[in-house]
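**Student:** For reference, the structure I am asking about is given below.
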Amino acid sequence: MPANRLHAASVAFLVLTGLLLAGMSLGVPGVLEADPVDATVYWEAGERMRAGGDEIYGPGGWDNKSGLYLYPPGFAALCAPLTWLDDRPEMDPRDRSVMKPYPYPTVIRLWVALHAALWLAALWLIGRMPGLIRPGAGARSPRAALAASATAAMFAAVLLDTWLGNINLLILLLLVFGLYLVARGRALGGGAVLGAAAMIKIMPVALLPLLLLTRQWRAAAGMALGAVLLALAPLPFTIAAHGPVGGVAANARLHVQYMQQLVLPRVASQAYRDLGAFAAPNSSPTAALSRLFGRREQLRTFAFGPDDYGPLLFALPAPVIRAAGLAVCLALYGMGALLAWRRRDAAGWLGGCGIAFMAAGMANVLFWHYHLAGMALVGAALAARMGRDAGARRGGAAALVCAFALANMPHLLHRIPGNQALNWLVIWGVPTWGLVAALVLAWRVLWRAAPADAAMAAGGEHGTDAV
C-alpha cells in the first residue's frame, strides 16, 4: 500500500476508535454508554481499604456488580482516595444496587473517560520508542501505522476495557512506559514502573526473566524496587486504622491473604469458581481445550440444558487437557524470551516482551477479551519490522489479520443479541487459536531480522547489551 494511503487508512481507523471510546464515555449515542461493572469492584476495595483493609478479599457487597477483588492490596490503596467523593443517592446500598440504571459515582464515569487518554498515551510512547522507526523515514506515516497496528492487535481490549471500566489499558501504559524508559537508558526507573505494574496486576512480573536473560540488571533491580514501593501503599490506611505496629502487620497480612486466598489456590486448582470455570468467553488455551475435550465441562457462562456441556469433540483426562494448555503457553513464552534474547533490535525486543507477556496471561486461569491489551506491543513491533523489511510484509499482515479478525472481533461481535453462530465461534475457541496463530506468525516475522536490524542485534549501533 502506498505511504499516503497507509497513512490515511491508519488515521481513519484511529479516529473511528477514538469516536467509539468517546461514545462510551459520554453515552452518545446511548447504546454506546459504558456499563463499568468491573470498576465497582475497585471502588468497593478502595472503600474497604479506607476502613483499614481487613475485608478487601471478603465477599462482595451490594454495590459490587462484578465479583471478588482479585488484585494485590496496593491497587486497592490507589483506589481508596477516589472513594472520598461519593455522589450516589443517599440510601440503603441494597436499594441502590437494584436501581436501573445503576447510579455509578461520577468518579467511575471519569475513570471510564480516562481510558481514551490511557490508550492515546500508550500509542504516543510506542511511536517514540527508540529504534522502531527507521532513521530518515518520514515520521508521520510510520507512527500512524505503528499506532493503528497496535490498536488493531488489541481492538477488543480497547473497547471492552473501556466499556467495563477494567484496568488493562492502565497496565498497558505502564508496560509501554517502563519499556520506553529502559530503551532510553533509564533502566532503574523503567524497571520500577514495571514492578509497580506487577503490584497492580501481577502478570507484568513475566517480564522479569526477560530482563535477567538480557542482563538488564538495573531494570530487574528497579522492578523489585517498584514492587516494594507499591506494596507499601496500603500503610497510610492500615496505620490509620490499627496504629503504627498494627498497621504494618495488617499490610503484611493483606499480602499473605492475597497469596493464600487467591494466587496459590488458583494455581493449584486451575479454577476460579466451582461451576463453569472454563466456559466461554474464557479464552485461555486450557479453557478452550477443556470445552473441546473436557467431560461435562460447561460451554458457556450460563448453562440451561445438556447441550450447554461438553465435550465438543471427545473426552480426555483433565490432567492431560491442563498439561496441554500449559504446554502451549510455555512454548509461546519460550519463543518470546528467545526473541528478546537473540534479536536485540528494538522491534525484536518489544515483540519478544509482548509475546512473553501474552503467553503468561494465557496461562492464567482466566483469559478474557480485555487481556488482549498486551497485543499492542506485538502489533507495534510487527509494523516496525514491516516498515523496514518489505519481505516481512506478507507474514506481518497475516499475523495482524489473525489477531484482529480471529482473536479480537469474535469477542466483540458475539455480544450482539441473536448472534448464535458467533457465540459458537467463541465456544469452539476460535479467538484462542487465532491468537496462538497470530503470536507464532509474529514470532516468525520478528525472528527473521532485516539486515540493518541484524547488524544492530550483533552490536553494530548500540552494542551487544543495548536494547
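**Student:** Test ILE355 against the criterion of being touching a residue at least 12 places away in the same chain (Cβ under 8 Å), open to solvent by less than 40 Å² (accessible area, probe 1.4 Å) and over 30 Å from LEU120 (Cα atoms), and give yes or no.
**Tutor:** The answer is no for ILE355.
Rundown of residues vs (1) within 30 Å of ASN64 (Cβ to Cβ); (2) touching an Asp or Glu at 6+ places or on another chain (Cβ under 8 Å); (3) modelled with pLDDT under 95, yes/no style:
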site	(1), (2), (3)
ALA137	no, no, yes
ARG186	no, no, no
GLY195	yes, no, no
LEU207	no, no, no
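**Student:** Go through ALA249, ALA288, ALA327, ALA315 for me and flag whichever is of a type outside the set (Phe, Trp, Tyr) and either in contact (Cβ under 8 Å) with a residue 40 or more places away in the chain or in contact with a Ser or Thr (Cβ under 8 Å, 6 or more places away or on another chain) (or both).
**Tutor:** Criteria check complete, one pass: ALA288.
**Student:** What number of residues in the range 316-344 are farther than 10 Å from ILE355 by Cβ and over 20 Å from the mean Cα position of the chain (by Cα)?
**Tutor:** Total satisfying the criteria: 14.
**Student:** If I go through the range 397-408 residue by residue, how many of them are under 19 Å from the mean Cα position of the chain (by Cα) and surrounded by fewer than 19 Cβ atoms within 10 Å (Cβ to Cβ)?
**Tutor:** 1
**Student:** Look through LEU211, LEU169 and report the one residue that is assigned to a helix (DSSP H, G or I), farther than 19 Å from LEU382 by Cβ, touching an Asp or Glu at 6+ places or on another chain (Cβ under 8 Å) and modelled with pLDDT of 95 or more.
**Tutor:** After ruling out the rest, the residue left standing is LEU169.
**Student:** May I pose another question? Which of the residues that make up the range 362-378 are part of a helix (DSSP H, G or I) and more than 17 Å from VAL440 (Cβ to Cβ)?
**Tutor:** Within the range 362-378, HIS369, TYR370, HIS371, ALA373, ALA376 qualify.
**Student:** Among the residues of the range 77-94, is there at least one that is under 30 Å from ALA249 (Cβ atoms), out of contact with any helix residue (DSSP H, G or I) (no Cβ under 6 Å at 6 or more places or on another chain) and either of a type in the set (Gly, Ala, Ser) or crowded, with 16+ Cβ neighbours inside 10 Å (or both)?
**Tutor:** yes
**Student:** Tell me yes or no: at least one residue of the range 290-311 is out of contact with any helix residue (DSSP H, G or I) (no Cβ under 6 Å at 6 or more places or on another chain), among the β-branched types (Val, Ile, Thr), open to solvent by 40 Å² or more (accessible area, probe 1.4 Å) and not in a loop (DSSP other than H, G, I, E, B).
**Tutor:** No - not one qualifying residue is present in the range 290-311.
**Student:** Give me the pairs: first residue in the range 44-62 and free of Cβ contacts under 8 Å to residues at least 24 places away in the same chain, second residue open to solvent by 70 Å² or more (accessible area, probe 1.4 Å), beta-carbon distance under 9 Å, and six or more apart or on different chains, which are they?
**Tutor:** GLY58/LEU68; PRO59/LEU68; GLY60/LEU68
**Student:** Next question. Quick test for you: out of ILE133, ILE126, pick the one residue that is crowded, with 20+ Cβ neighbours inside 10 Å, of a type outside the set (Gly, Ala, Ser) and at pLDDT 90 or above.
**Tutor:** Just one listed residue meets the conditions, ILE126.
**Student:** So is PRO105 open to solvent by less than 50 Å² (accessible area, probe 1.4 Å) and modelled with pLDDT of 95 or more or not?
**Tutor:** Taking the combined requirement at face value, the residue does not satisfy it.
**Student:** Another question, then. For ALA233, only one of the following conditions fails: (1) part of a loop (DSSP other than H, G, I, E, B); (2) open to solvent by 40 Å² or more (accessible area, probe 1.4 Å); (3) touching a helix residue (DSSP H, G or I) at 6+ places or on another chain (Cβ under 6 Å). What is its number?
**Tutor:** (2)
**Student:** So is LEU170 under 30 Å from ALA405 (Cβ atoms), open to solvent by 20 Å² or more (accessible area, probe 1.4 Å) and within 15 Å of the chain's Cα centre (by Cα) or not?
**Tutor:** When the stated conditions are applied, LEU170 passes them.
**Student:** Of these, ARG388, ARG394, which one is modelled with pLDDT under 95, open to solvent by 10 Å² or more (accessible area, probe 1.4 Å) and in contact with an Asp or Glu (Cβ under 7 Å, 6 or more places away or on another chain)?
**Tutor:** Matching residue, one of ARG388, ARG394: ARG388.
**Student:** Right, another one. Give me the residue from the range 1-58 that is within 27 Å of HIS255 (Cα to Cα) and small (Gly, Ala, Ser) and, out of that set, most open to solvent (accessible area, probe 1.4 Å).
**Tutor:** Per the stated criteria, the residue is ALA51.
**Student:** Checking VAL205 against (1) buried (at least 20 other Cβ atoms within 10 Å of the Cβ); (2) in a helix (DSSP H, G or I); (3) of a type outside the set (S, T, N, Q), which single condition isn't satisfied?
**Tutor:** Every listed condition holds for VAL205 apart from (1).
**Student:** Residues that are of a type outside the set (Phe, Trp, Tyr), closer than 25 Å to LEU406 by Cβ and exposed (fewer than 15 other Cβ atoms within 10 Å of the Cβ): does the range 332-344 have at least one?
**Tutor:** Checking the range 332-344: at least one residue is of a type outside the set (Phe, Trp, Tyr), closer than 25 Å to LEU406 by Cβ and exposed (fewer than 15 other Cβ atoms within 10 Å of the Cβ).
**Student:** What tally of residues in the range 339-361 results from selecting those that are assigned to a helix (DSSP H, G or I) and within 20 Å of MET386 (Cα to Cα)?
**Tutor:** Number satisfying all stated conditions: 13.
**Student:** For THR162, which of the numbered conditions (1) among the β-branched types (Val, Ile, Thr); (2) farther than 29 Å from ALA398 by Cα; (3) open to solvent by less than 30 Å² (accessible area, probe 1.4 Å) fails to hold?
**Tutor:** Single failed check for THR162: (2).
**Student:** Take the range 31-53 and flag every residue that is more than 21 Å from the chain's Cα centre (by Cα) and within 16 Å of ALA113 (Cβ to Cβ).
**Tutor:** Listed by number, the residues that qualify are LEU32, GLU33.
The values are calculated or read from the model by the stated rules, or taken from the named source; none is laboratory data. As the structure is a computational prediction, the values presented were derived from the model and not from experiment. Note that we place each Cβ from the backbone using ideal geometry, even for glycine, and neighbour counts take in every protein chain shown. Ligands, DNA and RNA are stripped out before the accessible areas are found, and what is left, the full protein with its side chains, is counted by its heavy atoms. Shrake-Rupley method; radii C 1.70, N 1.55, O 1.52, S 1.80 Å.
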